[in-house]
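K.L.:
I'd like to ask some things about the structure below.
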Amino acid sequence: MKKTILSLNCGSSSLKYNLFEVMENNTVEPIIGGIAEEIGNRERSTMKFEIHGKKTKYSIELPDHEDALVEMFGIFEKQNVPKETIVAIGHRVVHGGASYNTSVLLTDEVIAEIKRLSPLAPLHNPQNIKGILVAEKLMPGIPNVAVFDTAFHATIPEYAYKYALPEKWFTEYMVRRYGFHGTSHLYVSRRAAALLGMKHDEINCVTAHMGNGSSLTKVVGGKSMDTSMGFTPLEGVIMGTRSGDMDPAIIGHVAQQIAKEENMDLGAAYDKVMNMLNKESGLKGISGTNLMQDIRAKALEGDDESDRIVDIYAYRLAKYIGSYMGTSKYCDAIIFTAGVGENEWYVRQKVLGMLEGCNFIIDEKANRVRGEEIVFAEGEFNNRKVRAMVIPTDEEVVIAYDTLFIGALGLDAPENYPFEEICQG
C-alpha cells in the first residue's frame, strides 16, 4: 500500500487540505488539494478539490470540522487513496511564540503551549487546535506535527525583535516581534539559493511575500534576521486590508473622534478602529478595493490616481528592502512571491525603480512571465551583483516534508530539503 502525508490548515469556518504521496526516496508528490468552506453554515458550505489540474466544487452540509474531515476522507477514498495510507498529519499553526524554532511532534504538552499562546493569535491558534483535536479523534495513533508560521523567525536577534517599550510588556505580556509567513520565506529563500547554485546557509537575500497579507524578511546566511510583521500581522508594509506601519497615536485620536461622532463609549470606538485597521485599511482603505490587479489595470489605462496608489504601495516595499539590504554586507537576491509578488509585473518594476542606488536593469520579457521561477532583473549593491527573482511559494511542500521527517520517520526537520536539489547537485 502507498504511504501518504496529509497537511491541514484549519480556520474558523474553513479547512484547507493537501495530500502527498511518499515516494521511495523519501520525496513527496502532491495528489489532492482542496478546501472546505463555510463550515457551520449548512446552507452555504462547500467542498472544493483539485486532482491533476481538474477542479471540482459541490455544496454539502458541513455542520462542523469533523464533518468536513469525514467528507475529505470520502474524496480520498473515491480516488483510491484510503485514509489508511496516511502515515502522518501536519498542521499549520500560526503562532509558536518564542517557544518553537522548528516544527515539532504534537504532544499534550505542545498542545497546551499552543493554547497558552492563543492570546497572541486569538483568531488562529484556537482554530488550529480544533483541527488537531479532530484529526486525533478520527485518526487515532497517527502522528501529528505542528508547523509554525513563526518558527523561521526564531533566529531574529534581540536588537531586531525587541520594541522600545516598558520591560514588563516584554516579560509578562510577551510583546515582541514574532513575524509570520515563515514557511513561505523559508521555501523561497532556499529555492533562490538552489537556483543561484548556492547552499541555503550561504545566501543573503530579501524575501517579499506579497499577497492580501504581506511581509518582507531579511535573510542572512539562510536565517531570518528581521521581518516586517511584528507582534501581530498588522505591522509592516501596506497589505490588502491591513494598514501596515503607522503612528500608534492615530488609534487614540480616531477612537476619540468616532466616540464623539457616533455617541459610543471609548472602548467600543477603540474596537471599531482596530477592526478598521485590519479589515478596511491598506489598499482597500486608500483605493476602495484590496485587489492590486484591479488597481494596476486602471493605472496602466492611464488613471493617475491608481498609479499614485501603486507608488504608495511600492515605496513602502522599497523602503523595507532598502533598509534590509543596507544593514547587510551584501545581498544576492530580492525575491518576490505570493499573489501580488508572483503576478504583478508593474508593481515589481515600480519597486526596483525606487531602489535607485542599485541601478536595476529589468528584462521586460522575463518580468511579464507568470507562475514560473525566473530571474528578471540584475543590479548592483556594495560592488556585488544582486538579482531580482520571482519564485512561486509552496508552503504546503515544506509542511509535507517536516511532517514526513518528524512524524513518519522519527527524525528532525530536514537540514536540506529535496526541493534544494539544484544546489545539492
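Read the figures in this text as sums done on the coordinates, not as results from a lab. Note that this is a predicted model, so its numbers are computed, not measured. Cβ placement follows ideal geometry from the backbone for every residue including glycine, while neighbour counts extend to all protein chains displayed.
K.L.:
Can you work out ³J(HN,Hα) from phi for every residue in the stretch 22-37, in order, using Karplus 6.51 cos²θ - 1.76 cosθ + 1.60 and θ = phi - 60°, giving whole Hz and x for Gly and Pro?
P.N.:
8, 8, 4, 8, 6, 9, 10, 10, x, 10, 9, x, x, 8, 9, 10
K.L.:
Helix-only estimate, please: 222 nm mean residue ellipticity of the chain, summing -39500 (n - 2.57) across DSSP H runs of length 4 or more and dividing by its residues, to the nearest 500. Intermediate values should be presented prior to the final figure.
P.N.:
Values: 16 runs with 159 residues, N = 425.
Using -39500 (n - 2.57) per qualifying helix, the result is -11000 deg cm²/dmol.
K.L.:
When the chain is treated as a GNM, springs tying every alpha-carbon pair under 10 Å, which of V254, V237, V94 comes out with the largest mean-square fluctuation?
P.N.:
Among V254, V237, V94, the largest mean-square fluctuation in the Gaussian network model of the chain belongs to V254.
K.L.:
Loop-only check: which trypsin sites (Lys or Arg not before Pro) in the stretch 341-425 are DSSP coil with at most 16 other Cβ within 10 angstrom?
P.N.:
For trypsin sites (Lys or Arg not before Pro) across the stretch 341-425 that sit outside H, G, I, E and B with at most 16 neighbouring Cβ atoms in 10 Å, the list reads R368, R370.
K.L.:
Determine the gain in length on full extension of the stretch T155-R368; use 0.36 nm per residue of separation and subtract their C-alpha separation, reporting nm with one decimal.
P.N.:
My answer for the length gained is 73.2 nm.
K.L.:
Pull up all non-local amide H partners of V145: gap of 5 or more, or a different chain, and H-to-H distance under 5 Å with H placed in the peptide plane.
P.N.:
Residues meeting the criterion, in which the H sits 1.01 Å from N, are I89, G90, H91, L106.
K.L.:
Same structure, new question: Can you list the lysines whose alpha carbon sits under 16 Å from that of K55, skipping same-chain ones fewer than 8 residues off?
P.N.:
K16, K78
K.L.:
If you don't mind, another one. Starting at the first residue of the stretch 234-245, write each ³J(HN,Hα) from the Karplus equation 6.51 cos²θ - 1.76 cosθ + 1.60 with θ = phi - 60°, in whole Hz, x for Gly and Pro.
P.N.:
Once rounded to whole Hz, the list reads 7, 6, x, 7, 5, 10, x, 10, 9, 5, x, 4.
K.L.:
Further question: Of T46, I75, I32, which is farthest along the charge dipole of the stretch 3-148 in the positive direction, counting Lys and Arg as +1 and Asp and Glu as -1 at C-beta?
P.N.:
Projecting each Cα onto the dipole axis, the largest value belongs to T46.
K.L.:
Out of M292, M246, M198, any idea which swings most in a Gaussian network model of the chain, alpha carbons joined below 10 Å?
P.N.:
Result for the chain, Cα springs under 10 Å: M246 fluctuates most.
K.L.:
List the aspartates and glutamates whose Cα lies under 15 Å from the Cα of K48, skipping any in the same chain that are fewer than 8 positions away.
P.N.:
Reachable aspartates and glutamates: E37, E38, E61, D67, E71.
K.L.:
If you take the alpha carbon radius of gyration of the stretch 196-327 and divide it by 2.2 N^0.38 Å, what ratio comes out, to two decimals?
P.N.:
For the stretch 196-327, the normalised Cα radius of gyration is 1.26.
K.L.:
Could you work out the relative contact order of the chain, using alpha carbon pairs under 8 angstrom and six or more residues apart, expressed as a whole percent?
P.N.:
With pairs under 8 Å counted, the relative contact order is 14 percent.
K.L.:
A follow-up question, please. Of K57/K130; K284/K319; K3/K218; K115/K137, which ones are farther than 28 Å apart at the Cα?
P.N.:
K3/K218
K.L.:
Pulled fully out, how much extra length does the chain show between E421 and E262, if you take 0.36 nm times their separation in residues and subtract their Cα-Cα distance?
P.N.:
Residue separation times 0.36 nm, minus the Cα-Cα distance, leaves 51.3 nm.
K.L.:
Please compute the length gained on full extension between K279 and E202, using 0.36 nm multiplied by the number of residues separating them and subtracting their Cα-Cα distance. Walk me through the numbers before you get to the answer.
P.N.:
On the way: separation 77, 0.36 × 77 = 27.72 nm, distance 3.84 nm.
Between K279 and E202, full extension yields an extra 23.9 nm.
K.L.:
List every residue whose amide H lies under 5 Å from the amide H of V386, counting only residues 5 or more places away in sequence or on a different chain, with H placed 1.01 Å from N in the peptide plane.
P.N.:
G379, E380, F381
K.L.:
Would you please name the trypsin sites (Lys or Arg not before Pro) within the stretch 156-204 that are DSSP coil residues with at most 14 other C-beta atoms within 10 Å of their C-beta?
P.N.:
Here the sparse-neighbourhood loop sites are K162.
K.L.:
What share of the DSSP beta bridges in the stretch 69-218 is antiparallel, in percent to the nearest 5?
P.N.:
Looking only at bridges with both residues in the stretch 69-218, the antiparallel portion is about 60 percent.
K.L.:
Taking every DSSP beta bridge that has both residues in the chain, what percent is antiparallel when rounded to the nearest 5?
P.N.:
70
K.L.:
Taking the Cα-to-Cβ direction at E301 and at D108 and moving 7 Å from each Cα, how far apart do the two end points lie in nm?
P.N.:
Placing both labels 7 Å beyond Cα along the Cβ direction yields 6.1 nm.
K.L.:
State, as an integer percentage, the relative contact order of the stretch 3-148 based on alpha-carbon contacts under 8 Å between residues 6 or more apart. Walk me through the numbers on the way to the answer.
P.N.:
Working: 277 pairs, mean separation 34.9, N = 146.
Relative contact order here is 24 percent.
K.L.:
Taking the Cα centre of the chain as the origin, how large is its charge dipole in debye, to the nearest 20, when only Lys and Arg (+1) and Asp and Glu (-1) carry charge on their Cβ atoms? If you can, show how the numbers build up before the last one.
P.N.:
Working: 44 positive and 58 negative charges, 54 e Å.
Around 260 debye, computed over the chain.
K.L.:
What ³J(HN,Hα) values, in whole Hz, does the Karplus curve 6.51 cos²θ - 1.76 cosθ + 1.60 give for the stretch 379-388 when θ = phi - 60°, with x put for Gly and Pro?
P.N.:
Running phi through 6.51 cos²θ - 1.76 cosθ + 1.60 with θ = phi - 60° gives x, 9, 9, 6, 6, 10, 5, 10, 10, 9 Hz.
K.L.:
Among the aspartates and glutamates, select those whose C-alpha is under 19 Å from the C-alpha of K272, and discard any that sit fewer than 8 residues away in the same chain.
P.N.:
Partners within reach: E235, D245, D247, E261, E262, E280.
K.L.:
Right, next: Quick one, can you get me the convex hull of the C-alpha atoms of the chain expressed as volume per residue in Å³?
P.N.:
Working: hull volume 70.8 nm³, N = 425.
Each residue corresponds to 167 Å³ of Cα convex hull volume.
K.L.:
Please build a GNM for the chain, connecting alpha carbons under 10 Å apart, and tell me which residue among E373, E167, E280 fluctuates the most.
P.N.:
Highest fluctuation of the listed residues: E167.
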